[in-house]
Structures are given as C-alpha cells and as structure tokens.
Amino acid sequence: MPPVSLARALEEERRLLDKAGAVPGEYYALCLSGGGIRSASFALGVVQALAQRGMLRGFDYLSTVSGGGFTGGWLSAWLAHAAATGNTDTVFAQLAGRELPAGATEAPAVTRMRRYSRYMSPRLGALSADSWTLAATMIRNIVLNWLVLLPLLAAALLIPRAFLEAVQYFDRPLTAGAPLETGSSAFWLLVASLSLIILSLTFVVVNLPSYGGGRGTQRQFVTICLAPLIVGSLGLTLFWATDVASPRLPWMLLVSSLVSLATWMVPGLLSGTRRWRPATWMAAVVSSPVGGVGLWWLATNPFRDGVALGAFYATVALPALLAVWALQTTLFTALARSDQSDADLEWHSRLLGWVLIAGAVWLTGASIVFYGPLLYGSVAEALETQLQMAHGRGASLLGIAGSLFGAVLAHVARITAAAPSTASGTSAIVRRAKRFAFSSPAASVPVWM
C-alpha cells in the first residue's frame with residue numbers, strides 16, 4: 001500500500017476510534033490478512049504505525065489468518081507476558097519507538113521477530129541444528145510418502161505385466177485353431193466378457209436423460225459402467241488369445257447387431273420414459289456392424305492365427321477395442337440425433353471422455369512397463385558411445401595442444417640461442433617484452449577488451 005493511502009487510512013481510523021468514545025457499545029477489531037512471511041512483515045509495519053499514532057490501544061479484538069497470524073500471535077504473546085507483570089504500557093511504547101534500551105533502534109521483541117522470521121529454520125549454516133533438523137524432516141516425510149506411494153505405483157504397473165502373463169498362458173498355437181466348444185473355458189470367458197459389456201451398455205440406456213432418465217452418481221458410473229466395460233474388453237482380448245478359431249465376419253455382425261438392439265430395446269421398454277423409439281433402435285442396428293467389423297479385423301489381421309502374442313498385443317489390444325467401441329458410439333449418436341436431447345449428447349460426450357482416459361492410461365502405463373526398459377537401455381548405450389567419442393576427441397585435442405606447446409618452446413629456444421652472449425637468453429626476452437609493452441600505443445588497453 002502506498003504511504004499516502006496508508007496515512008489516509010490511519011487518519012480515518014483515528015477519527016472513527018475517537019468517535020467511538022461517544023458511542024457506547026461499539027467495538028473495533030484489527031484484522032491481519034494472510035500471505036506468508038510477506039503479509040507478516042506488512043502487518044508488523046501496520047502495527048508499529050498504529051502504535052506510533054496512539055491508535056493501537058483503541059482495538060478490542062485481533063483477528064488473523066495465515067501469515068497475519070504470525071504477527072498476531074507474536075503481538076498477543078508479548079502483551080500476555082507484559083500483562084503478567086502489569087506493564088503493558090511498555091509494549092505500546094516500544095512499538096511506537098519509545099522507552100527503548102540504550103543503543104537500540106527498535107524493541108528487542110521486534111528484533112527477535114525479524115531474526116527468527118524463518119520459523120522452520122531460524123538459524124542457517126552448515127553446522128546449524130535448525131538446518132539439519134529441517135533437512136531431516138524433509139527426508140523423513142519424503143521417505144514416508146514413498147513408502148505409501150511407491151507400492152501403489154508398483155502394484156498399478158504390475159497390472160499390464162500380469163495381463164501379459166495371462167495372454168501368453170492363453171496364447172493360441174502357431175497353427176490353425178479349433179472351433180469354439182460350448183462349455184469350454186474359452187466359451188465361458190466369452191460369455192462373461194459379453195455379459196460385462198452388456199451390463200455397461202444397460203447402465204447407459206437406463207441413465208440416459210431422455211431415455212431411462214436415471215440419475216446415477218459418478219461413483220455408480222465408474223463401478224457399473226466404466227469398470228465392466230474395461231474388464232469385459234480385457235476378457236475379449238484374452239478370448240482372442242485362446243486356441244479357438246478366428247471368428248467369421250457374418251457371425252460377428254449378427255452377434256453385435258442382436259446385442260446392441262436388445263440392449264437399447266429391452267431396458268427402454270421396461271422402464272423408459274418414452275418407450276417407443278424406433279429411430280434409436282434402428283441407429284443401434286446400423287451402428288453395431290462398426291463394432292463387429294472392428295473386432296473381426298483385430299482378430300483376423302494384426303493378431304490373426306499364427307501370430308505369437310506378446311508385449312505389443314498386451315499394450316494396444318485394450319485401447320484398440322475401446323477405440324472401436326467409441327467409434328460405434330459416435331456413429332450411433334449421429335444416427336439417433338432425432339431422438340437425442342442436448343443432455344443426451346452431453347452424457348455421451350462425458351462417457352467417451354472417460355473411455356478415452358481409460359485407453360490413454362492403459363496405453364501409457366503398458367508402454368512404460370514393456371518399452372521403458374528398452375528405451376532406457378538404448379539411451380544409456382547411446383550416451384556411452386558419445387562419451388567414448390568425446391574421450392577420443394579430448395585425447396586428440398590434448399595431442400594438438402601438446403604439439404603447439406612444443407612448438408612454442410622450440411621458438412623460445414631459438415630466440416634464446418640467437419641472443420647476445422653478454423646477457424642470458426631469458427633477460428633478452430624480458431627486455432624485448434618490456435620495450436614492446438612501453439612503446440606500443442595500445443599497451444594501456446587490457447588484452448581481454
């Protein structure tokens with residue numbers, strides 16, 4: 001605050017405090033705001049200015065927050081200690097710059113406050129107990145945080161590794177697969193995966209604002225919609241890794257169309273706010289082949305029979321399935337626009353946002369787990385090669401420098417040999433240097449300019 005504005009504010013405060021004596025029942029509070037040690041320093045200056053003008057006594061309450069509490073607590077403690085001896089007048093006098101000890105320019109309490117403004121480490125230095133205490137506190141807190149966070153991070157990074165182990169356990173042989181048999185482990189894996197995906201889509205239908213109208217919470221969305229969708233997609237990727245034959249495109253189209261139609265029709269007919277929605281059902285049937293073709297292409301092209309599944313499959317399979325599902329949902333939203341409200345569109349956008357988050361997190365985490373060590377090894381090898389080349393260049397530079405130094409010494413030896421015999425070679429060189437230094441017009445200009 002500028003000094004003029006502060007002076008005007010203080011004068012106005014004095015006028016109000018003087019007026020307060022004629023109005024019984026009115027109370028005044030001094031409020032010190034926050035802002036760290038800067039606000040504490042500013043508040044100290046305000047308190048001293050109020051004391052110099054005799055206005056500090058007129059306040060009945062002291063309210064502080066954050067950095068202002070540093071100054072407020074110090075002032076309260078000083079007044080409390082002075083009140084114990086019945087000498088609070090000394091506090092206001094010393095704050096105003098009066099009744100100071102001999103040779104002091106300010107109150108000892110103020111000097112102590114300034115000296116210990118670093119309240120976390122008042123005394124700095126290599127052998128200061130305060131500095132080492134602060135360092136020990138920081139190290140302790142970092143280690144305790146690591147003990148909590150690092151196991152959680154390690155457990156999260158183990159998920160892609162565990163998924164890769166499951167993929168390699170179910171990995172189909174390098175020959176053509178057998179047909180899917182009812183009752184086999186692969187069959188039940190497929191059924192469980194599709195059931196979870198249907199549960200996720202049912203939640204969408206039931207909670208869509210203009211369809212089911214449910215008001216599910218975000219926690220319910222994550223646990224009943226997003227999590228089943230991700231787990232079901234993971235189950236499908238494991239199913240593709242089993243020893244069953246690759247699916248046929250007509251079968252994939254039929255299953256995807258029936259599942260999509262049933263998911264949008266049955267919950268709407270049972271509990272929908274507007275049960276007859278032929279445009280929505282038609283959009284579900286037309287958009288479902290996108291998902292069917294996408295799943296068929298993934299199962300028969302990049303990850304077809306005869307392709308050994310490894311880290312790349314574990315990294316991109318789930319994001320690829322989620323991308324296919326997002327594409328199908330986007331097409332459905334466009335085709336069913338006449339039956340969709342603005343709230344429905346926002347709901348779908350929010351859903352796709354969560355799906356993109358899940359796919360990006362899996363892709364990033366799996367890439368770090370599987371390809372991070374390879375990248376680290378490549379960078380370390382490249383750095384080692386560069387260091388070796390730099391060492392060779394350094395040796396070459398040293399050789400060149402040695403040759404130049406030898407040439408200089410040889411030149412000095414020639415000059416010494418050519419010098420008169422009445423004086424030593426060194427004296428001759430010194431005399432020549434002095435003559436050049438004192439006779440050159442640029443001798444007074446420093447060499448580095």
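The values are calculated or read from the model by the stated rules, or taken from the named source; none is laboratory data. Predicted model only: the values in this text are computed from it and were never measured. Positions of Cβ are generated from backbone atoms using ideal geometry, with glycine treated the same way; all protein chains shown enter the neighbour counts. Protein only, heavy atoms only, side chains kept; ligands, DNA and RNA dropped before computing areas. Shrake-Rupley method; radii C 1.70, N 1.55, O 1.52, S 1.80 Å.
Of the residues making up the stretch 77-121, those that are among the hydrophobic types (A, V, I, L, M, F, W, C) and either in contact with a Phe, Trp or Tyr (Cβ under 8 Å, 6 or more places away or on another chain) or more than 17 Å from residue 48 (Cβ to Cβ) (or both) are 80, 83, 84, 91, 102, 109, 113, 120. Does residue 380 count as among the small types (Gly, Ala, Ser), part of a helix (DSSP H, G or I) and closer than 22 Å to residue 240 by Cβ? Criteria not met by residue 380. Taking (1) free of Cβ contacts under 8 Å to residues at least 24 places away in the same chain; (2) assigned to a helix (DSSP H, G or I); (3) in contact with a helix residue (DSSP H, G or I) (Cβ under 7 Å, 6 or more places away or on another chain) in turn, residue 132 satisfies each apart from (3). Within the stretch 334-354, residues that are closer than 16 Å to residue 205 by Cβ and open to solvent by less than 70 Å² (accessible area, probe 1.4 Å) sit with their Cβ atoms under 6 Å from residues that are among the hydroxyl-bearing types (Ser, Thr, Tyr) and not in a helix (DSSP H, G or I), at 6+ positions apart or across chains, in these pairs: 341/210; 344/210. For the stretch 101-113, the condition of being exposed (fewer than 11 other Cβ atoms within 10 Å of the Cβ), polar (S, T, N, Q), over 30 Å from residue 26 (Cβ atoms) and more than 37 Å from the chain's Cα centre (by Cα) holds for at least one residue. I'm trying to understand the selection: among the residues of the stretch 221-254, which are among the aliphatic types (A, V, I, L, M), open to solvent by 20 Å² or more (accessible area, probe 1.4 Å), outside any loop (DSSP other than H, G, I, E, B) and at pLDDT below 75? Across the stretch 221-254, the qualifying residue is only 249. When we screen 21, 58, 34, 25 for residues that are at pLDDT 85 or above and not aliphatic (A, V, I, L, M), the only hit is 34. On the stretch given as the stretch 322-333, residues that are within 28 Å of the chain's Cα centre (by Cα) and touching a residue at least 40 places away in the same chain (Cβ under 8 Å) total 1.
Name every residue in the stretch 89-100 that is open to solvent by less than 30 Å² (accessible area, probe 1.4 Å) and part of a loop (DSSP other than H, G, I, E, B), in order of residue number. Across the stretch 89-100, the qualifying residue is only 96. Only a single item in (1) at pLDDT 85 or above; (2) surrounded by 12 or more Cβ atoms within 10 Å (Cβ to Cβ); (3) hydrophobic (A, V, I, L, M, F, W, C) is not met by residue 205, and it is number (1).
Are any of the residues in the stretch 43-50 part of a helix (DSSP H, G or I) and in contact (Cβ under 8 Å) with a residue 60 or more places away in the chain? Looking for residues that are part of a helix (DSSP H, G or I) and in contact (Cβ under 8 Å) with a residue 60 or more places away in the chain, one finds at least one in the stretch 43-50, hence yes.
So for the stretch 290-311 (the condition being open to solvent by 20 Å² or more (accessible area, probe 1.4 Å), modelled with pLDDT of 80 or more, assigned to a helix (DSSP H, G or I) and not aliphatic (A, V, I, L, M)), does at least one residue qualify? Checked the stretch 290-311: no residue is open to solvent by 20 Å² or more (accessible area, probe 1.4 Å), modelled with pLDDT of 80 or more, assigned to a helix (DSSP H, G or I) and not aliphatic (A, V, I, L, M).
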